[in-house]
Amino acid sequence: MKASLLFSAAALVLLAAAGAARAQTDEIQVYTGDINAPGQFGVTLHNNYTPIGRTTPAFPHAIIPDHALNGVPEYAYGAADWLELGMYLPLYSVTRDGRFLIDGSKLRVLFAEPHAGERSFFYAVNFELSYNARHWATTHWAAEIRPIIGGRVGPVDLIVNPILDVDFAGIGSLDFAPAVRLAYNFSKTWAAALEHYADYGSVRRFETADRQEQTLFAVADYNGEPVDIELGIGHGFTAASDALILKLILTKNF
């Protein structure tokens, strides 16, 4: 994989995109740069539930986060040792009043340094294109640009995803929503981590502190048979964040 390919793809998306997507949350995960081996297929089920959350919608007719369950199955295929293709279908929610809603779908392509899990420094970039229901995001079409930068010293990993969310509503600003993971690997099977997720708003002008999303998760990871498991509990520290969020990610590779 050539670096010029990554930068060219990123430039094309940036030129085509504008504005902040301001979508709700279906996938609470820090990307590590690890991808499926060539020819390997994987299925991941993302689910998150908000026992204590915001009781007003983020925009008109949006799902209210409090007591809502959001999730999506993700399908991934290793196309090369530096390329993974993915699809999310369908995004779904169960609202606090019991309605089951279909929220949309996503396609993604992840360019990664080969064998990132074996390196002390690694990098990658992920691009997503989504089609959203009106109750899920402010625009039908949106995109995400997710650089992945990580370092490893012994059993400790530090990984940063400086995410940019974009839409296609016209010339506007990008939305900066970074995620960071600090993990300690007890073995190849077990790890514990702290993950921080934020949304600062438009890169043109960040939101004030009380209107930014700031959430910290404690996470436990199991990588083994029969499925990989990531379990986390998160707490938001601002009025724009949810007070308590639970996440469960199950992955099976074939």
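Within region 71-129, work out how many residues are among the acidic types (Asp, Glu), closer than 19 Å to residue 254 by Cα and within 14 Å of the chain's Cα centre (by Cα).
Matching residues across region 71-129 total 1.
Considering only residues of region 145-162 that are of a type in the set (Gly, Ala, Ser) and surrounded by fewer than 23 Cβ atoms within 10 Å (Cβ to Cβ), which is farthest from residue 201 (Cα to Cα)?
154
Which of the residues spanning region 206-231 are among the acidic types (Asp, Glu) and either farther than 26 Å from residue 54 by Cβ or modelled with pLDDT of 95 or more (or both)?
213, 221, 225, 228, 230
Considering region 199-218 alone, what residues qualify as being free of Cβ contacts under 8 Å to residues at least 60 places away in the same chain, closer than 28 Å to residue 166 by Cβ and assigned to a strand (DSSP E or B)?
199, 213, 214, 215, 216, listed by residue number.
Find the strands (runs of 3 or more DSSP E) located wholly in region 17-110 whose residues include 2 or more that are of a type in the set (Gly, Ala, Ser) and crowded, with 16+ Cβ neighbours inside 10 Å, and list them.
Correct list: 69-80, 83-94.
Can you tell which of 165, 221, 242 is surrounded by 14 or more Cβ atoms within 10 Å (Cβ to Cβ), among the acidic types (Asp, Glu) and assigned to a loop (DSSP other than H, G, I, E, B)?
Answer to the check: 242.
Looking only at residues in region 111-136 that are out of contact with any strand residue (DSSP E or B) (no Cβ under 8 Å at 6 or more places or on another chain) and part of a loop (DSSP other than H, G, I, E, B), which one is nearest to residue 164 (Cα to Cα)?
Residue satisfying both the conditions and the ranking: 134.
Let me spell it out: the conditions are (1) part of a strand (DSSP E or B); (2) modelled with pLDDT under 95, and residue 182 meets all of them except one. Which number is the exception?
(2) is the only condition that residue 182 fails.
Which one of 119, 108, 134 is modelled with pLDDT of 95 or more and among the charged types (D, E, K, R)? Working first, answer last.
Numbers: 119 fails: modelled with pLDDT of 95 or more; 134 fails: modelled with pLDDT of 95 or more.
It is 108.
When you scan region 29-79, how many residues do you find that are in contact with an Asp or Glu (Cβ under 9 Å, 6 or more places away or on another chain), among the hydrophobic types (A, V, I, L, M, F, W, C) and closer than 30 Å to residue 120 by Cα?
Counting residues in region 29-79 that are in contact with an Asp or Glu (Cβ under 9 Å, 6 or more places away or on another chain), among the hydrophobic types (A, V, I, L, M, F, W, C) and closer than 30 Å to residue 120 by Cα gives 6.
The values are calculated or read from the model by the stated rules, or taken from the named source; none is laboratory data. Since the model is a prediction, treat every value here as computed from it, not as a measurement. Using ideal geometry, Cβ is built from the backbone for each residue, glycine included, and neighbour counts are taken over all protein chains shown.
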